[in-house]
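Structure record follows, encoded as structure tokens.
The values are calculated or read from the model by the stated rules, or taken from the named source; none is laboratory data. Remember, predicted model here, so these are calculated numbers, not experimental data. Cβ placement follows ideal geometry from the backbone for every residue including glycine, while neighbour counts extend to all protein chains displayed. Note: areas computed on protein heavy atoms with side chains; ligands, DNA, RNA excluded. Shrake-Rupley method; radii C 1.70, N 1.55, O 1.52, S 1.80 Å.
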Amino acid sequence: MPLRSRQLMVINESEIPKTPAEIPSVLAGLRMTKQRREVYSVLLHDRNHPSANDVFRRVQEGMPTISLATVYNCLDALVEHELVNQVNFDREPSRFCVNLTPHVHFHDENTGVIHDITFKDDCRITDLLNLPKGTEVTDLELTIRGNLPKGA
């Protein structure tokens with residue numbers, strides 16, 4: 001059985017809001033306050049798996065009075081409502097990913113950039129791992145580390 005996303009909603013690339021004003025007032029049951037809207041907008045616009053501090057610095061450009069604690073609270077709410085995934089890489093700060101489709105992360109050790117890598121069509125997680133018969137995979141978090149070839 002193919003791995004399915006546990007997301008509450010599907011957002012097609014063409015439907016992704018481009019500005020905070022385009023984000024609905026309620027999304028996945030979460031009331032989108034001005035602060036949440038701004039944090040979510042930053043994540044949608046810059047999909048490079050930022051840390052909370054990165055998000056804070058970017059949000060501060062348009063909202064100078066926002067606090068780091070508020071950004072953390074916004075990120076927690078977005079994660080709790082499954083609009084954003086919190087991704088942890090070893091002992092690094094948590095990062096945030098708006099790609100809700102099943103994927104793995106490739107951490108390029110040369111550049112530090114984290115890339116979303118999708119599964120091939122009809123890829124079955126049970127075919128990749130030696131899991132006991134009848135195991136149901138409900139969530140997947142996989143990070144691959146390595147070096148991309150130059151120019152890739």
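Please list, in chain and number order, the residues 5+ apart from residue 27 or on another chain whose amide H is under 5 Å from its amide H, with Hs placed from the backbone.
Residues meeting the criterion, in which the H sits 1.01 Å from N, are 32.
Quick check on packing: order 45-51, 79-85, 20-26, 128-134 by the mean number of other C-beta atoms within 10 Å, highest mean leading.
79-85, 45-51, 20-26, 128-134
Could you give the accessible area per residue of the chain, probe 1.4 Å, as a whole number in Å²?
On a per-residue basis, the chain sits at 64 Å².
Does anyone have the angle between helix 68-80 and the longest principal axis of the chain? Alpha-carbon axes, 0 to 90°, nearest 10?
Approximately 40 degrees, to the nearest ten.
Can you compute the modelled spin-label distance between residue 101 and residue 48, with each label point 7 Å from Cα toward Cβ, in nm?
2.3 nm
If the only charges are +1 at each Lys and Arg Cβ and -1 at each Asp and Glu Cβ, what is the size of the charge dipole of the chain around the Cα centre, to the nearest 20 debye?
Taking the Cα centre of the chain as origin, the dipole is about 200 debye.
Relative to the longest principal axis of the C-alpha atoms of the chain, give the angle of the C-alpha long axis of helix 34-45, reported between 0 and 90° and rounded to the nearest 10°.
40 degrees
Kindly express, to the nearest 10 degrees and within the range 0 to 90, the angle between helix 52-62's C-alpha long axis and the longest C-alpha principal axis of the chain.
With both axes taken from Cα atoms, the answer is about 40 degrees.
For Cα extents along the principal axes in Å, one of (1) 51, 37, 29; (2) 56, 37, 25; (3) 54, 41, 35 was computed from the structure I shared and the rest are decoys. Which label?
Correct label, based on the coordinates given: (1).
Within the accessible area of the chain, what % is carbon and sulfur when the probe is 1.4 Å and the other protein chains stay in place?
That share works out to 49 percent.
Each label point is 7 Å from the Cα along the Cα-to-Cβ direction; what then is the distance between the points at residue 82 and residue 22, in nm?
2.5 nm
Which residue fluctuates the most in the chain, going by a Gaussian network model with Cα springs under 10 Å, if the choices are 70, 135, 101?
Between 70, 135, 101, it is 135 that shows the largest mean-square fluctuation.
Can you work out the FRET efficiency for the pair residue 115 and residue 91, with r the C-beta to C-beta distance and R0 = 22 Å, to the nearest 0.05?
0.60
Estimate the FRET efficiency between residue 73 and residue 108 by the formula 1/(1 + (r/R0)^6), using the beta-carbon distance for r and 41 Å for R0, to the nearest 0.05.
The formula returns an efficiency of 0.85 here.
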